[in-house]
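Single-structure report; data block below.
Each reported figure results from applying straightforward, stated rules to the coordinates on display, with no laboratory input. These figures come from a predicted structure and were not determined experimentally. Because the Cβ atoms are built from the backbone with ideal geometry, glycine has one as well, and the counts that use them run over all protein chains shown.
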Amino acid sequence: MNQEAIGKFIAACRKEKGLTQTQLAEQLNITNRAVSKWETGKSIPDASIMLDLCKILGISVNELLSGERIAMENYQKRAEENLVELQQKANNALKRSNFLVKLVIPILGALFIVKYGVGSRTWYFVDSISMAFILIPSLLMLLCTGYWRGFLKAFVYIIKRDHCTAEMVRDSTNALKLVCRSSFIWGSIGFIISIVNLLRNHMIDSQLAVPALLGDISVAVLTLFYALVINAVLTPLYFELNRLQ
């Protein structure tokens, strides 16, 4: 189902009837902005007004969903194709809602653990230098490769699956892959650097207290920890976008 074709067809039929967008909107008791969205392919008419729209434009629902006039010999075939596409759209909406539920539950679980499990010790897991060590290189990689738009739109495509092409989805999956790899590489580098410095300091000061040593180890692990968190969040999005291609 091509929304752009449907929009152009609605606009052509409206002009054939000598109606403006405002006049058509008034007859349907909707805003002219809604009509504008149809004609630009940003959305399609709601099922509740589809019959009234077709009556005003002098077309059938089948022709509306096809985005063109249909000859009688092809009418049954196109009707079946439109029914299949509508069912696929409904299935995609169900999959999308199921994925969002699966994504929200782990996030809420993590927030619950942070709030009630870690409590006031949450600040133990926050280190601005470690975060910057991972986020800045990842951001620079996105900017230098031009994938930053694809990265931002990846979250939009997950929700609005019918508004993206295979090429757009491919750019977004590449952007997610880039951030995952970059964060893991820099997280590992940060971890190695921190451990080397820790061992060096320990060799210089062999009398280093155990609590201080454990604190230094925990800071060393933070860069790798942040990298794993980023991968844990973005990897499900990556596989979900892959399914859209």
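General observations
- Among the listed pairs K55/K153; K37/K177; K17/K42; K42/K177, those whose Cα-Cα separation exceeds 26 Å are K55/K153; K37/K177; K42/K177.
- Stretch gain in nm, segment F155-R181, where the contour uses 0.36 nm per residue and the Cα spacing is subtracted: 7.5 nm
- Computed from the C-beta positions of H202 and F225 and an R0 of 30 Å, the FRET efficiency is 0.90 to the nearest 0.05.
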